[in-house]
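To start, the structure itself, in C-alpha coordinates.
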Amino acid sequence: MAKAEHYYGVHAVESLLELEPERVLTLFTLKGRDDQRLQRILQLAEPFGISVQKASRDTLEKLAGLPFHQGVVAAVRPHPTLNEKDLDQLLQQQPQTMLLALDHITDPHNLGACIRSAAAMGVSAVIVPRDRSASLTPTARKVAAGGAEKVKFIQVTNLARTLAHIKDEFNVRVIGTMLDEKALPLHQCDLTGAVAIVMGAEDVGLRPITQSQCDQTVYIPMAGDLQSLNVSVATGMALYEANRQRQGF
(Lines give C-alpha, C1' and ligand atoms only; values in the text may rest on other atoms or scores of the structure.)
Protein backbone atom coordinates (compact mmCIF):
# COMPACT_ATOMS: atom_id res chain seq x y z
CA MET A 1 0.00 0.00 0.00
CA ALA A 2 1.33 3.45 -0.91
CA LYS A 3 2.37 5.72 1.93
CA ALA A 4 -0.44 8.01 3.13
CA GLU A 5 -0.35 11.68 2.22
CA HIS A 6 -1.21 14.37 4.74
CA TYR A 7 -3.61 17.18 3.95
CA TYR A 8 -3.88 20.07 6.36
CA GLY A 9 -5.91 23.24 6.77
CA VAL A 10 -9.66 23.64 7.24
CA HIS A 11 -10.56 24.36 3.59
CA ALA A 12 -8.47 21.52 2.15
CA VAL A 13 -9.73 18.89 4.60
CA GLU A 14 -13.35 20.05 4.39
CA SER A 15 -13.32 19.93 0.59
CA LEU A 16 -11.75 16.48 0.63
CA LEU A 17 -14.47 15.16 2.94
CA GLU A 18 -17.17 16.66 0.73
CA LEU A 19 -15.80 15.32 -2.54
CA GLU A 20 -13.67 12.23 -1.80
CA PRO A 21 -14.35 11.00 1.76
CA GLU A 22 -13.42 7.44 0.81
CA ARG A 23 -9.76 8.51 0.57
CA VAL A 24 -9.54 9.75 4.18
CA LEU A 25 -7.93 7.22 6.53
CA THR A 26 -7.62 9.20 9.78
CA LEU A 27 -8.37 12.71 11.00
CA PHE A 28 -6.04 14.33 13.52
CA THR A 29 -7.46 17.34 15.37
CA LEU A 30 -5.89 19.69 17.88
CA LYS A 31 -6.57 18.86 21.51
CA GLY A 32 -8.93 21.42 23.01
CA ARG A 33 -10.27 22.71 19.71
CA ASP A 34 -14.07 22.53 19.51
CA ASP A 35 -15.24 25.39 17.29
CA GLN A 36 -17.90 25.43 14.59
CA ARG A 37 -15.52 24.78 11.68
CA LEU A 38 -14.10 21.69 13.36
CA GLN A 39 -17.59 20.43 14.17
CA ARG A 40 -18.47 20.76 10.48
CA ILE A 41 -15.46 18.59 9.58
CA LEU A 42 -16.37 15.98 12.17
CA GLN A 43 -19.96 15.90 10.92
CA LEU A 44 -18.73 15.26 7.37
CA ALA A 45 -16.45 12.45 8.58
CA GLU A 46 -18.95 10.66 10.83
CA PRO A 47 -21.09 8.87 8.20
CA PHE A 48 -17.98 7.22 6.77
CA GLY A 49 -16.64 5.88 10.06
CA ILE A 50 -13.39 7.82 9.72
CA SER A 51 -11.14 7.50 12.76
CA VAL A 52 -10.60 10.78 14.65
CA GLN A 53 -7.59 11.24 16.93
CA LYS A 54 -6.84 14.16 19.20
CA ALA A 55 -3.25 15.33 18.84
CA SER A 56 -0.90 17.93 20.28
CA ARG A 57 0.21 20.95 18.31
CA ASP A 58 3.70 19.44 17.95
CA THR A 59 2.28 16.21 16.52
CA LEU A 60 0.19 18.11 13.99
CA GLU A 61 3.22 20.15 12.95
CA LYS A 62 5.21 16.94 12.35
CA LEU A 63 2.38 15.44 10.28
CA ALA A 64 1.82 18.58 8.22
CA GLY A 65 5.50 19.47 7.98
CA LEU A 66 4.62 23.09 8.80
CA PRO A 67 3.06 24.96 11.73
CA PHE A 68 0.21 26.38 9.64
CA HIS A 69 -2.14 23.40 9.92
CA GLN A 70 -5.13 25.25 11.47
CA GLY A 71 -5.59 22.44 13.97
CA VAL A 72 -6.61 19.69 11.54
CA VAL A 73 -4.62 17.16 9.50
CA ALA A 74 -5.97 14.25 7.45
CA ALA A 75 -4.05 11.10 6.57
CA VAL A 76 -5.22 10.34 3.04
CA ARG A 77 -4.95 7.47 0.58
CA PRO A 78 -2.90 8.98 -2.28
CA HIS A 79 -4.41 9.65 -5.69
CA PRO A 80 -2.88 7.94 -8.71
CA THR A 81 -0.74 10.36 -10.69
CA LEU A 82 -2.55 11.63 -13.80
CA ASN A 83 -0.64 11.82 -17.09
CA GLU A 84 -1.00 12.36 -20.84
CA LYS A 85 -3.43 9.46 -21.26
CA ASP A 86 -5.75 10.99 -18.67
CA LEU A 87 -5.60 14.29 -20.54
CA ASP A 88 -6.60 12.57 -23.79
CA GLN A 89 -9.52 10.91 -22.02
CA LEU A 90 -10.65 14.24 -20.58
CA LEU A 91 -10.59 15.91 -24.00
CA GLN A 92 -12.53 13.04 -25.54
CA GLN A 93 -15.23 13.50 -22.90
CA GLN A 94 -15.15 17.32 -22.82
CA PRO A 95 -14.07 18.54 -26.28
CA GLN A 96 -14.84 22.23 -25.58
CA THR A 97 -13.10 22.42 -22.23
CA MET A 98 -10.70 25.02 -20.82
CA LEU A 99 -7.24 23.97 -19.64
CA LEU A 100 -4.51 25.80 -17.73
CA ALA A 101 -0.87 24.95 -18.46
CA LEU A 102 1.89 26.19 -16.14
CA ASP A 103 5.37 26.37 -17.65
CA HIS A 104 7.85 25.57 -14.88
CA ILE A 105 6.12 27.24 -11.95
CA THR A 106 8.30 26.04 -9.06
CA ASP A 107 6.78 27.74 -6.01
CA PRO A 108 4.09 25.53 -4.37
CA HIS A 109 2.33 28.64 -3.04
CA ASN A 110 1.98 30.00 -6.57
CA LEU A 111 0.86 26.59 -7.82
CA GLY A 112 -1.79 26.35 -5.11
CA ALA A 113 -3.07 29.86 -5.84
CA CYS A 114 -3.27 29.08 -9.57
CA ILE A 115 -5.22 25.90 -8.87
CA ARG A 116 -7.61 27.81 -6.61
CA SER A 117 -8.32 30.30 -9.41
CA ALA A 118 -8.64 27.46 -11.91
CA ALA A 119 -11.29 25.75 -9.80
CA ALA A 120 -13.23 28.99 -9.39
CA MET A 121 -13.14 29.87 -13.10
CA GLY A 122 -14.23 26.58 -14.64
CA VAL A 123 -10.90 25.04 -15.67
CA SER A 124 -11.09 21.27 -16.12
CA ALA A 125 -7.39 20.45 -15.68
CA VAL A 126 -4.10 22.06 -14.72
CA ILE A 127 -1.15 20.73 -16.74
CA VAL A 128 2.46 20.96 -15.52
CA PRO A 129 5.78 19.41 -16.55
CA ARG A 130 6.78 16.46 -14.40
CA ASP A 131 10.30 17.84 -13.86
CA ARG A 132 11.44 21.26 -12.66
CA SER A 133 7.94 22.22 -11.59
CA ALA A 134 6.09 22.37 -8.29
CA SER A 135 4.00 19.30 -7.50
CA LEU A 136 0.78 18.97 -5.57
CA THR A 137 2.35 19.06 -2.11
CA PRO A 138 0.34 19.52 1.12
CA THR A 139 1.35 23.20 1.02
CA ALA A 140 0.01 23.62 -2.52
CA ARG A 141 -3.21 21.86 -1.53
CA LYS A 142 -3.70 24.13 1.49
CA VAL A 143 -3.18 27.28 -0.59
CA ALA A 144 -5.60 25.88 -3.19
CA ALA A 145 -8.23 25.88 -0.39
CA GLY A 146 -10.16 22.90 -1.76
CA GLY A 147 -9.51 23.64 -5.43
CA ALA A 148 -7.13 20.70 -5.81
CA GLU A 149 -10.05 18.31 -5.26
CA LYS A 150 -12.13 20.00 -7.98
CA VAL A 151 -9.61 20.30 -10.83
CA LYS A 152 -7.58 17.50 -12.39
CA PHE A 153 -3.82 17.89 -11.90
CA ILE A 154 -1.92 16.37 -14.81
CA GLN A 155 1.85 15.94 -14.96
CA VAL A 156 3.38 15.45 -18.40
CA THR A 157 6.85 14.48 -19.55
CA ASN A 158 7.21 17.31 -22.07
CA LEU A 159 4.87 20.30 -21.93
CA ALA A 160 5.58 21.61 -25.43
CA ARG A 161 5.04 18.16 -26.96
CA THR A 162 1.78 17.79 -25.03
CA LEU A 163 0.55 21.15 -26.29
CA ALA A 164 1.40 20.16 -29.86
CA HIS A 165 -0.47 16.88 -29.38
CA ILE A 166 -3.70 18.40 -28.06
CA LYS A 167 -3.62 20.97 -30.87
CA ASP A 168 -3.30 18.29 -33.54
CA GLU A 169 -5.57 15.65 -32.05
CA PHE A 170 -8.26 17.72 -30.33
CA ASN A 171 -8.13 21.15 -32.02
CA VAL A 172 -7.30 22.89 -28.76
CA ARG A 173 -6.14 26.50 -29.28
CA VAL A 174 -3.06 27.32 -27.22
CA ILE A 175 -2.99 30.87 -25.85
CA GLY A 176 0.30 32.01 -24.31
CA THR A 177 0.61 34.96 -21.96
CA MET A 178 3.58 37.10 -22.95
CA LEU A 179 4.30 40.49 -24.42
CA ASP A 180 5.62 40.25 -27.98
CA GLU A 181 4.89 42.01 -31.25
CA LYS A 182 1.95 39.70 -32.05
CA ALA A 183 0.35 39.75 -28.60
CA LEU A 184 -3.23 40.95 -28.26
CA PRO A 185 -4.71 42.62 -25.19
CA LEU A 186 -6.27 39.79 -23.22
CA HIS A 187 -9.85 40.98 -23.68
CA GLN A 188 -9.46 41.11 -27.48
CA CYS A 189 -8.59 37.43 -27.78
CA ASP A 190 -11.30 34.81 -28.26
CA LEU A 191 -11.04 32.48 -25.26
CA THR A 192 -14.14 30.39 -25.94
CA GLY A 193 -14.23 26.80 -27.14
CA ALA A 194 -11.43 24.30 -26.61
CA VAL A 195 -8.56 26.36 -25.23
CA ALA A 196 -5.38 25.97 -23.18
CA ILE A 197 -4.12 29.11 -21.45
CA VAL A 198 -0.38 28.91 -20.78
CA MET A 199 1.30 30.87 -17.99
CA GLY A 200 5.05 31.18 -17.55
CA ALA A 201 7.21 31.79 -14.50
CA GLU A 202 7.25 35.47 -13.59
CA ASP A 203 11.06 35.73 -13.75
CA VAL A 204 11.65 34.15 -17.18
CA GLY A 205 8.18 33.85 -18.72
CA LEU A 206 7.37 31.17 -21.28
CA ARG A 207 10.32 29.15 -22.52
CA PRO A 208 11.00 29.46 -26.29
CA ILE A 209 9.98 25.84 -26.90
CA THR A 210 6.64 26.56 -25.23
CA GLN A 211 6.21 29.82 -27.13
CA SER A 212 6.58 27.91 -30.39
CA GLN A 213 3.35 26.01 -29.67
CA CYS A 214 1.22 29.09 -29.00
CA ASP A 215 -1.45 29.88 -31.59
CA GLN A 216 -1.83 33.36 -30.12
CA THR A 217 -0.08 35.39 -27.43
CA VAL A 218 -1.85 37.82 -25.14
CA TYR A 219 -0.94 40.35 -22.49
CA ILE A 220 -2.74 41.99 -19.57
CA PRO A 221 -2.92 45.77 -20.13
CA MET A 222 -1.62 47.63 -17.08
CA ALA A 223 -1.49 51.26 -16.01
CA GLY A 224 1.77 52.97 -15.14
CA ASP A 225 5.25 51.53 -15.42
CA LEU A 226 4.61 48.11 -13.88
CA GLN A 227 5.62 45.43 -16.37
CA SER A 228 4.69 42.18 -14.66
CA LEU A 229 2.49 40.58 -12.02
CA ASN A 230 2.89 37.63 -9.71
CA VAL A 231 2.05 34.56 -11.79
CA SER A 232 -0.87 33.55 -9.59
CA VAL A 233 -2.38 37.05 -9.83
CA ALA A 234 -1.93 37.10 -13.61
CA THR A 235 -3.44 33.62 -13.85
CA GLY A 236 -6.51 34.73 -11.93
CA MET A 237 -6.99 37.72 -14.23
CA ALA A 238 -6.54 35.67 -17.41
CA LEU A 239 -8.92 32.96 -16.24
CA TYR A 240 -11.51 35.51 -15.17
CA GLU A 241 -11.55 37.00 -18.67
CA ALA A 242 -11.83 33.54 -20.20
CA ASN A 243 -14.69 32.62 -17.90
CA ARG A 244 -16.41 35.95 -18.60
CA GLN A 245 -16.37 35.27 -22.32
CA ARG A 246 -17.41 31.63 -21.94
CA GLN A 247 -20.33 32.51 -19.66
CA GLY A 248 -21.40 35.41 -21.87
CA PHE A 249 -21.39 38.17 -19.28
L229-L42 pseudo-label distance in nm [points 7 Å out on the Cα-to-Cβ vector]: 4.2
Potential lengthening between N171 and S212 on full extension [0.36 nm per residue; Cα-Cα distance subtracted]: 13.1 nm
Share of carbon and sulfur in the accessible heavy-atom surface of the chain [1.4 Å probe, %]: 49
Alpha-carbon centroid distance for the pair the range 1-79 / the range 198-249, whole angstrom: 35
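Compute for the chain: radius of gyration divided by Kirkwood radius, i.e. Rg/Rh, restricted to C-alpha atoms, rounded to two decimals. Please list the in-between numbers first.
Details: Rg = 19.4 Å, Rh = 19.1 Å.
Over the Cα atoms of the chain, Rg/Rh equals 1.01.
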Interchain or long-range residues, amide H under 5 Å from V174's placed H: A196, D215, Q216
The chain: relative contact order in percent, alpha carbon pairs under 8 Å with at least 6 residues between: 20
Histogram of C-alpha separations across the range 39-109, 5 Å bin width, %: 3, 10, 14, 14, 14, 12, 14, 14, 4, 1
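Ranked by accessible surface with a 1.4 Å probe, highest first, in what order do M199, M237, M121 come? Could the numbers behind the result be given before it?
On the way: M199 5, M237 80, M121 40 Å².
Most to least solvent-accessible, the answer reads M237, M121, M199.
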Per-residue ³J(HN,Hα) for the range 61-71, Karplus 6.51 cos²θ - 1.76 cosθ + 1.60, θ = phi - 60°, Hz, x for Gly and Pro: 5, 5, 5, 6, x, 8, x, 9, 8, 6, x
Accessible heavy-atom area order of Y219, Y240, Y8, highest first, probe of 1.4 Å: Y240, Y219, Y8
Tally of Lys pairs whose C-alpha atoms are under 29 Å apart, taken over the chain, 8 or more apart or cross-chain: 25
Point-to-point label distance, V52-F249, nm (Cα→Cβ direction, 7 Å offset): 3.6
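Taking the mean number of other Cβ atoms within 10 Å as a proxy for protection, how do you rank 85-91, 17-23 from highest to lowest?
Details: 85-91: 16.6, 17-23: 14.6.
Order by mean packing, descending: 85-91, 17-23.
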Prolate/oblate/rounded label for the range 178-249 (Cα gyration tensor, a/c 1.5): oblate
FRET efficiency for L184 and T137, using Cβ-Cβ distance with R0 set to 51 Å, rounded to 0.05: 0.90
The chain: most fluctuating residue of G205, G146, G65 per GNM, C-alpha cutoff 10 Å: G65
Beta bridge orientation in the chain: antiparallel %, DSSP, nearest 5: 25
CD proxy at 222 nm, helix term only [per DSSP H run n ≥ 4: -39500 (n - 2.57); per residue of the chain; nearest 500]: -11000 deg cm²/dmol
Estimated FRET transfer efficiency (A164, E22; beta-carbon r; R0 45 Å; 0.05): 0.75
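For the range 84-247, with every protein chain kept in place, what is the accessible area per residue (1.4 Å probe, Å²)? Don't skip to the answer; put the middle values down first.
Values: 7510 Å² over 164 residues.
That works out to 46 Å² for each residue.
The values are calculated or read from the model by the stated rules, or taken from the named source; none is laboratory data. Since the structure is predicted, the reported quantities are computational estimates derived from the model, not experimental observations. Because the Cβ atoms are built from the backbone with ideal geometry, glycine has one as well, and the counts that use them run over all protein chains shown. Heavy atoms of the whole protein, side chains included, go into the accessibility calculation; ligands, DNA and RNA do not. Shrake-Rupley method; radii C 1.70, N 1.55, O 1.52, S 1.80 Å.
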